[in-house]
Amino acid sequence: MSINRRQFLTTFGLAALATQMQPLIAQGKRSPNTILKPPRLQVGDTVGLISPAGIVELKDVESAKQAINTQLGLKVKLGKHILDRYGYLAGKDSDRAFDVNTMFADKSVKAIIAMRGGWGCNRILPLLDYIRIGSNPKILMGYSDITSLLLAINARSKIVTFHGPVATSTWNEFAVNYVKRILFNAEAVTMKNLHTEEGKMQVIAPGKARGKLVGGNLSVISAMVGSPYLPSCYKSILFVEEVGEDVYRVDRMLTQLKNAGILNQIAGFIFGQCTNCNLGDEPSFTLMQVLQQHILPLGIPAWYGSMIGHIKDKFTLPVGTEVEIDANAGTIKMLESAVT
């Protein structure tokens, strides 16, 4: 007897999740359904800065230290290899992984923020100590290529991670407000776009949905498909963002998620900002036409234009927590706090 497609995808997703959890379950430290929330931040805490992806300049480190101290009231501790160079990477894979593992093990460090994205995090995923990381839950934040770390640590170590500013981001009032309310005050906030040109949103399909929040940079997620480092997307709210990609490439990446069975599992979909995304060679579909082609057949609430991605005003999104979305209003409502 054949099994229907939805049952197969569900079974596949749960089996993958069980595989990801085996190291911690074998240690007798965690049930397969437990998600750990890291402790909240307090003024005066120490945050660790790391460069797990692209090269960082000394002036950027100094600027980030000043911004984080001034805007958030936090002390800064630098990763040992933060200024390393290895081709286009911020150091050798083993050294960049060392800084991630060391920051999680360091009891004086209460949160970890990546300096910048670029490329390279996928290369260090097999070198991370997920058991030690899971035994020392703390805030990990970044976006773009840092998506790899956010999703892998959420999947393998079962910790809530945060898609938000990197250390070299613009720490303006909008971004700082969400960081403080979510990471310091432990609020369950409702995220809503500003009434600006950048904040314009377009409904793909109306409605509301609830589910676990999962997502990040679309290119990175599509490159992680087939690896053991993606969390289960079953009945999740999937958010994505992108920068500098032609529409046909966005189409290609969404097709990859569709063919891998990921889109068919989700309960809701949010495309944040597609910054500097162009039509490419003519003739072309528009970005909205591509989104409609992939998402409308799913019959789920969805919209484009959430303040997520390579923009100055950005939300802080807790990966792994329950949220409710309203595609008509373009809102993401946290149903629980993300920190303890």
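ARG96: net charge of surrounding residues, Cβ under 9 Å, Lys/Arg +1, Asp/Glu -1, itself excluded?
Around ARG96, the surrounding residues sum to -2.
Within the set LYS158/LYS208; LYS59/LYS158; LYS110/LYS333; LYS107/LYS312, which residue pairs have Cα atoms separated by over 28 Å? Mind dumping the intermediate values first?
Working: LYS158/LYS208 26 Å; LYS59/LYS158 35 Å; LYS110/LYS333 26 Å; LYS107/LYS312 32 Å.
Over 28 Å apart, Cα to Cα: LYS59/LYS158; LYS107/LYS312.
So what is the 222 nm mean residue ellipticity for the chain from helices alone, if each DSSP H run of at least 4 adds -39500 (n - 2.57) and you divide by all residues, rounding to the nearest 500 deg cm²/dmol?
The helix-only estimate for the chain comes to -9500 deg cm²/dmol at 222 nm.
Cβ under 10 Å from ALA111's Cβ, ALA111 left aside: what net charge do those residues give with Lys, Arg +1 and Asp, Glu -1?
Spelling it out: positives minus negatives among the neighbours equals +2.
Relative contact order of the chain, please, whole-number percent, based on alpha carbon pairs below 8 angstrom and at least 6 residues apart.
Rounded, it is 20 percent for the chain.
Please flag any cysteine in the chain that has no other cysteine's Cβ under 4.7 angstrom from its own Cβ.
So, CYS121, CYS233.
Near HIS163, within a Cβ-to-Cβ distance under 10 Å, what is the net charge of the other residues, with Lys and Arg +1 and Asp and Glu -1? Can you show the working numbers first?
Working: positive: LYS314; negative: GLU241.
Overall, the nearby charge balance is 0.
Exceeding 30 Å between C-alpha atoms, which entries from my cross-link table qualify? They are LYS65/LYS235; LYS92/LYS180; LYS212/LYS314.
LYS65/LYS235; LYS92/LYS180
What are the principal axis extents of the Cα atoms in the stretch 62-142, in Å, biggest first?
Sorted largest first, the three principal extents are 34, 32, 18 Å.
Every number here is computed from the coordinates shown, using simple stated rules; none is lab data. Just so it is clear, the structure is predicted and the values come from calculations on it, not from any experiment. Backbone-built Cβ (ideal geometry, glycine too); neighbour counts: all protein chains shown.
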